[in-house]
Amino acid sequence: MKRDLGDLALFGGHASFLQQIHVGRPNRIERSRLFDRLSWALDNQWLTNNGPLAREFEERVADLAGVRNCVATCNATVALQLLVHAAELTGEVIMPSLTFAATAHAVRWLGLEPVFCDIDPRTGCLDPAAVAAAVTPRTSGIFGVHLWGRPCAVDALEKLAADTGLRLFFDAAHAIGCTSQGRPVGSFGDAEVFSFHATKVVNAFEGGAIVTDDDDLAHRIRSLANFGFNLRTPSAAGGTNAKMSEASAAMGLTSLDAFPEVARHNRDNYEQYRRELARVPGLSVIDIDPDERHNYQYVIIEIDEEITGLPRDLLVELLRAENVVAQRYFSPACHQIEPYRSRQEAVHLPHTERLSARVVALPTGSTISREDIRRVCNIVRLAATRGSELTARWHQQSGAGEQGVVPAG
Ligand code: T4K
């Protein structure tokens, strides 16, 4: 354990971990189940195009989401694009800026304009009042993001969508298995999108899914994902290939088998982080409502530089020097990156900018042990409680001067 600043790898101490530990390590699965499924697909010589494993995966995801339809796709970014295209959105789509670039890029890729809207600082998700203020005659839809798995204000957004006639969708990339007021994520708005990327709590190597109770929309999406074949009304774009392969579905099913155990492990990790980082002034682990079901796939801490004296980016830097690959999910926010930053009208989103500058994602998942968390928290506690001293020493060492910029990790 590290006791003094000189023990930190940033200042020449041994790195706490010999090998890197990550936020996005794939969770443990029962490999024999995966291999059995892959063998079965190979034996039956059916590898993609709406295969039996993909259909089984869709049924299980639809069940989890509490909806009638699920269309599995090759990834969530393409799923978002399919949804925007199938719903025939036009003009502007309102969304948060505090999200992964994929949410905005998917909309822009189809020639539409993402309109970034501020968040409720308590949830990190869209502020319905700000959404209402951002609606223009060109707006056709709203995309909420259940950031870090914490659900959006779904009731208020559903009411707003009903009042304005706008389509309402959710990017639920982080939120499989979560609930809002007891209702499963996946069942809100007109449709929702999950990600099954390797780094997600349920992974299909790469994968995504659109879930919806709108049968007609589901039919259009399924057709568009398969070159537009069997569409009842033609699409100007024809269609694309967004299908999930049987290999991905085999992984997705095996990962779903492990999901309850992974979620339990994640919850234990989260609670341990909360305990170990309690009472560190200027530092908090974000709240998760204990009355809702949650997958706990991200452990997010918020650091207040004014209280700790430690800039967020320096915390990330020093963790990485210890082989703890912390992530700044999500910073910079979308409106602060290209191609959005240099749009003509400058956007200022105070709550988004404030939260985005303070958050750090710490390693969790089923490959992270209690001992790993103890060691990560030891570093974070030492850094945060001696923040001003640490920052001054780092500036001195790097010759950056008081106003020096901490390199981005
Ligand atoms: N909407 C939202 C809100 C999202 O967060 C995302 C994706 C999407 C939409 C789009 O979903 P997909 O189209 O990807 O299905 C990663 C993931 O690639 C991305 O899926 C995810 N969100 C995002 C939050 O995280 P990066 O750029 O941070 O990935 P990378 O390569 O830096 O990896 C992150 C960490 O995970 C590293 O420390 C390495 C580790 N890792 C990664 C992979 C791929 C592993 O240990 N093993 C692995 O196999 O985006």
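The values are calculated or read from the model by the stated rules, or taken from the named source; none is laboratory data. In this text the structure is predicted, and so the values were computed from the model without any measurement. So basically every Cβ, Gly included, is an ideal-geometry build from the backbone, and we count neighbours across all protein chains shown.
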*Residue count for the stretch 89-122, restricted to those that are farther than 21 Å from Ser342 by Cβ, touching a residue at least 24 places away in the same chain (Cβ under 8 Å) and more than 16 Å from the ligand (Cβ to nearest atom)*: 4
*Restricting the search to the stretch 208-226, which residues are touching a residue at least 60 places away in the same chain (Cβ under 8 Å) and not hydrophobic (A, V, I, L, M, F, W, C)?*
Gly208, Thr212, Asp213, Asp214, Asp215, Arg220, Arg222, Asn226
*Selection count, the stretch 52-78, where residues are under 12 Å from Gly186 (Cα atoms) and either away from the ligand (no atom under 16 Å from the Cβ) or assigned to a helix (DSSP H, G or I) (or both)*: 9
*Just wondering, is there one or more residues in the stretch 225-239 that are in a helix (DSSP H, G or I) and either over 19 Å from Arg370 (Cβ atoms) or polar (S, T, N, Q) (or both)?*
no
*Working only within the stretch 190-219, note down all residues that are farther than 30 Å from Phe35 by Cβ and crowded, with 24+ Cβ neighbours inside 10 Å.*
Ala191, Glu192, Thr212
_Looking at the structure I just gave you, is Ser235 of a type in the set (S, T, N, Q) and buried (at least 16 other Cβ atoms within 10 Å of the Cβ)?_
no
_Show me the helices (runs of 4 or more DSSP H) found entirely inside the stretch 348-402 where at least 2 residues are modelled with pLDDT of 95 or more and among the small types (Gly, Ala, Ser)._
370-385, 387-398
_Being free of Cβ contacts under 8 Å to residues at least 40 places away in the same chain and among the small types (Gly, Ala, Ser) narrows it down to one residue among Gly6, Gly66, Gly51, Gly24; which is it?_
Gly6
*Those residues of the stretch 184-227 which are of a type outside the set (A, V, I, L, M, F, W, C) and either in contact with a His (Cβ under 9 Å, 6 or more places away or on another chain) or at pLDDT below 95 (or both), in sequence order*: Glu192, Ser195, Thr199, Lys200, Asn203, Glu206, Gly207, Gly208, Arg220
*Looking at Ala41, Ala86, which one is modelled with pLDDT of 95 or more, over 24 Å from the mean Cα position of the chain (by Cα) and more than 16 Å from the ligand (Cβ to nearest atom)?*
Ala41
_Number of positions in the stretch 179-191 that are more than 16 Å from the ligand (Cβ to nearest atom) and under 19 Å from the mean Cα position of the chain (by Cα)_ = 4
*Please indicate, with yes or no, whether at least one residue in the stretch 167-178 is in contact with a His (Cβ under 9 Å, 6 or more places away or on another chain) and more than 20 Å from Gly66 (Cβ to Cβ).*
no
_Can you tell me how many residues within the stretch 1-15 are away from the ligand (no atom under 16 Å from the Cβ) and either part of a loop (DSSP other than H, G, I, E, B) or charged (D, E, K, R) (or both)?_
9
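Conditions tested, residue by residue: (1) in a helix (DSSP H, G or I); (2) within 16 Å of the ligand (Cβ to nearest atom); (3) under 22 Å from Val360 (Cβ atoms).
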site	(1), (2), (3)
Ala129	yes, no, no
Ala133	yes, no, no
Trp148	yes, yes, yes
Asp155	yes, no, no
Glu158	yes, no, no
Asp163	yes, no, no
Gly177	no, yes, no
Val193	no, yes, no
Lys200	no, yes, yes
*asked:* within 15 Å of the ligand (Cβ to nearest atom) and without any contact (Cβ under 8 Å) to a residue 40 or more places away in the chain: which single residue out of Phe170, Phe229, Phe205 fits that description?
replied: Phe170
*asked:* Looking only at residues that are over 22 Å from the mean Cα position of the chain (by Cα) and of a type in the set (S, T, N, Q) in the stretch 298-344, which one is surrounded by the most Cβ atoms within 10 Å (Cβ to Cβ)?
replied: Thr308
_Criterion first (within 22 Å of Asp289 (Cα to Cα) and basic (Lys, Arg)) does Arg122 satisfy it?_
yes
*Residue under evaluation Asp268, criteria (1) within 27 Å of Gly186 (Cβ to Cβ); (2) crowded, with 17+ Cβ neighbours inside 10 Å, criterion not met*: (2)
*Filter the stretch 18-37 down to residues that are within 13 Å of the ligand (Cβ to nearest atom) and either within 26 Å of Glu317 (Cβ to Cβ) or of a type in the set (D, E, K, R) (or both), then give me how many there are.*
9
